[in-house]
Amino acid sequence: MNAKKFQKQMPRETAFIFKDSKDAGEFYNYINKKYTLNNIDVGINVPFHLNNQTLYLSYYEAERTDEKVNLPLTLIDAKRESNGNSRLFEDHYSNRTGHWYIIITIYDENITNCLRDKHPLKEKTIQYLKGLKQEYLTTQNYEELLFTKKS
């Protein structure tokens, strides 16, 4: 998906996007341990190998909020106020919830986005990212990644 379509302030890049159900900072910890980065440049052009080529992973975290208006409570308070009474539900007129998403871009050594339609590694890159997502969401202890085969 084009990241700019997902969120207006994102760059106009084709990206792999998924909902992050874990706590803040968890993806950072995962990437840091998986690629043994020692807290240096985590998430910025992280090198990895795919199909005998060095590719570079970068990620962003973005929040999307859903806001719902509770119209019945607003109407009740409007009626109360018109009758000379005070508002009861003023703090409950809307409900806002946020969801965090991970936005990943992958570039090759020629600084070409590997998720673009015409890139020769597009399908393999998507498969790699699907596996990365699955591993991230199912791994509870990132120290375990130190004992698995590096990708």
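What's the carbon and sulfur percent of the stretch 11-143's accessible surface, probe 1.4 angstrom, rounded to a whole number?
After summing per-atom areas, the C and S share lands at 46 percent.
Which of the pairs Lys19/Lys118; Lys34/Lys130; Lys19/Lys130 have their Cα atoms more than 20 Å apart in this structure?
Too far apart for the 20 Å limit: Lys19/Lys118.
Amide H neighbours of Leu50 under 5 Å, at least 5 residues apart or on other chains, H built in the peptide plane: list them.
So Leu50 has HN proximity to Leu55.
Calculate, for the stretch 70-137, the solvent-accessible area per residue in square angstrom, rolling a 1.4 angstrom probe over the heavy atoms of the protein chains.
Counting only protein heavy atoms, the per-residue value for the stretch 70-137 is 67 Å².
What list of ³J(HN,Hα) values in whole Hz, one per residue of the stretch 31-36 in order, does the Karplus curve 6.51 cos²θ - 1.76 cosθ + 1.60 (θ = phi - 60°) give from phi, with Gly and Pro shown as x?
After applying 6.51 cos²θ - 1.76 cosθ + 1.60, I find 5, 4, 6, 4, 9, 6 Hz.
The values are calculated or read from the model by the stated rules, or taken from the named source; none is laboratory data. In this text, all values refer to a predicted model and were calculated from it rather than measured experimentally. Accessible surface areas use protein heavy atoms only, side chains included; no ligands, DNA or RNA. Shrake-Rupley method; radii C 1.70, N 1.55, O 1.52, S 1.80 Å.
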